[in-house]
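Following: one structure in structure tokens, then a few remarks.
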Amino acid sequence: VQLQASGGGLVQAGDSLRLSCRMSGDTFSSNALGWFRQPPGKEREFVASVSWYTGTTYYTDSVKGRFTVSRDNAKNTVYLQMNSLKPEDTATYYCAASPYTGWASRPDEYDYWGQGTQVTVSS
């Protein structure tokens with residue numbers, strides 16, 4: 001499975017960005033796609049995930065109501081719509097694929113990772 005993330009950039013607080021993650025290869029082995037982020041000097045943290053087949057979504061509390069994760073099965077692509085961005089959202093964002101069908105929020109529950117895309121939110 002290969003994952004290609006894109007869509008990061010430099011924005012101001014309150015702006016929006018949409019990240020995309022296109023999946024290719026043996027996509028049938030992955031049941032969920034997740035987004036993680038790693039702020040400078042900190043550990044990687046779970047942001048959101050979506051079940052590839054049911055569309056069930058999960059979010060960390062700090063992004064609920066601002067971020068929306070969705071998927072387009074026909075395009076093998078998962079999106080992370082980020083609204084009302086805050087400086088604390090600044091991080092490198094990663095997409096990852098998991099074989100788990102439920103809520104998977106730990107990095108070790110994900111088998112495949114895309115390269116990161118940088119999101120910088122200025123105040």
- Query: In the stretch 14-61, which trypsin sites (Lys or Arg not before Pro) are in a loop and have at most 13 other Cβ atoms within 10 Å, using DSSP for the loop call?
  - Reply: Lys42
- Note on the structure: The simple spin-label model distance between Thr101 and Ala13, using points 7 Å out along Cα→Cβ, in nm, is 4.4 nm
- Message: For the chain, set up a GNM with springs between Cα atoms under 10 Å and report which of Ser20, Ser29, Ser98 has the largest fluctuation.
- Response: Ser29
- Message: Students often forget the sequence filter, so: which lysines lie under 17 Å Cα-Cα from Lys64 once same-chain residues fewer than 8 apart are removed?
- Response: Lys86
- Note on the structure: Rounded to whole angstrom, the alpha-carbon centroid of the stretch 70-123 lies from that of the stretch 1-67 at a distance of 1 Å
- Query: Relative to the Cα centre, what is the charge dipole magnitude of the stretch 13-117, using +1 at the beta carbon of each Lys and Arg, -1 at the beta carbon of each Asp and Glu, and rounding to the nearest 20 debye?
  - Reply: 260 debye
- Task: Summarise the accessible area of the chain (1.4 Å probe, protein heavy atoms) by the percent that is carbon and sulfur.
- Result: 46 percent
- Query: Tell me, in nm to one decimal, what length is gained between Ala74 and Asp61 on full extension, where the rule is 0.36 nm per residue of separation less the Cα-Cα distance?
  - Reply: 1.7 nm
- Query: Pulled fully out, how much extra length does the chain show between Gln81 and Gln2, if you take 0.36 nm times their separation in residues and subtract their Cα-Cα distance?
  - Reply: 26.3 nm
- Inter-site label distance for Glu45 and Ser29 at 7 Å from Cα along Cβ, in nm: 3.1 nm
- Item | the chain, relative contact order [Cα under 8 Å, separation at least 6], % | 35 percent
- aspartates and glutamates with Cα under 20 Å of Lys75, excluding same-chain neighbours fewer than 8 positions away: Asp26
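The values are calculated or read from the model by the stated rules, or taken from the named source; none is laboratory data. Quantities reported herein were computed from a predicted structural model and do not represent experimental measurements. All Cβ positions, glycine included, derive from the backbone under ideal geometry; neighbour counts span all protein chains shown. Surface accessibility is based on the protein's heavy atoms, side chains included, excluding ligands, DNA and RNA. Shrake-Rupley method; radii C 1.70, N 1.55, O 1.52, S 1.80 Å.
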